[in-house]
1. Given a 1.4 Å probe, how much area per residue of the chain is accessible, in Å²?
2. Taking Cα pairs under 8 Å and at least six residues apart, what relative contact order does the chain come out at, in percent?
3. Once you list every other residue whose beta carbon is under 15 Å from the beta carbon of Y33, what net charge do they have if Lys and Arg are +1 and Asp and Glu are -1?
4. How much net charge surrounds T7 when only other residues with a Cβ under 13 Å from its Cβ are counted (Lys, Arg +1; Asp, Glu -1)?
5. Going by the alpha-carbon gyration tensor, a ≥ b ≥ c the square roots of its eigenvalues, is segment 32-78 rounded (a/c under 1.5) or, if a/c is not under 1.5, prolate (a/b greater than b/c) versus oblate?
6. Write out the trypsin sites (Lys or Arg not before Pro) in the chain meeting two conditions: DSSP loop, and at most 10 other Cβ atoms within 10 Å of their Cβ.
7. Across 10 Å bins from 0, what is the distribution of all Cα-Cα pair distances for the chain, in whole percents?
8. Leaving out ligands, DNA and RNA, and with a 1.4 Å probe, what % of the accessible surface on the chain is carbon or sulfur?
Amino acid sequence: MEKFLPTYSSEELALRNGQDMPYIWVGYKGKIYDVTSSELFKDGYHYFHATGIDLTNDMPDAPHLEDVMNDFEIVGLLEN
Ligand code: HEM
């Protein structure tokens, strides 16, 4: 059975930017990933990209593929 995932609005996601709350989340292709544990997202920044936002459109600029997301927990779905 698939895990139930709560839906969050972009305002709720924005609070998980490593500044306002002690969580670092990013939106990617409709899902929200918890990257709090990553040293590469310290303080809520990843190579000049802010967190607490949808980064789907930024992935093509990255030197890596989207498979980097696979190591991180999906904590919710991003409301359109
Ligand atoms: C200009 C844009 C970006 C740069 C220069 C960049 C750079 C990097 C580098 C150097 C690494 C570590 C080596 C590797 O896995 O290849 C990394 C890991 C990672 N990146 Fe990016 N990245 C960018 C954009 C993004 C975006 C848009 C996302 C999310 C949507 C993202 C998510 C990740 C994740 C989840 C990891 C793995 C972190 C870990 O294992 O702790 N990156 N990135």
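The values are calculated or read from the model by the stated rules, or taken from the named source; none is laboratory data. Note that the structure is a prediction, hence the values are computed from the model and not measured. Because the Cβ atoms are built from the backbone with ideal geometry, glycine has one as well, and the counts that use them run over all protein chains shown. Ligands, DNA and RNA are excluded from the accessible area calculation, which covers all protein heavy atoms including side chains. Shrake-Rupley method; radii C 1.70, N 1.55, O 1.52, S 1.80 Å.
1. Details: 5670 Å² over 80 residues.
Here the residues of the chain average 71 Å² of exposed surface.
2. Values: 126 pairs, mean separation 32.6, N = 80.
Worked out over the chain, it gives 41 percent.
3. Neighbour charge sum, excluding Y33 itself: -4.
4. On the way: positive: K31; negative: E11, E12, E79.
That works out to -2.
5. Working: a/c = 1.27, a/b = 1.10, b/c = 1.16.
Rounded shape, in that the Cα axes give a/c under 1.5.
6. Those satisfying the criteria are K3.
7. 19, 57, 22, 1
8. Values: 3060 of 5670 Å².
Result for the chain: 54 percent of the exposed heavy-atom area is carbon or sulfur.
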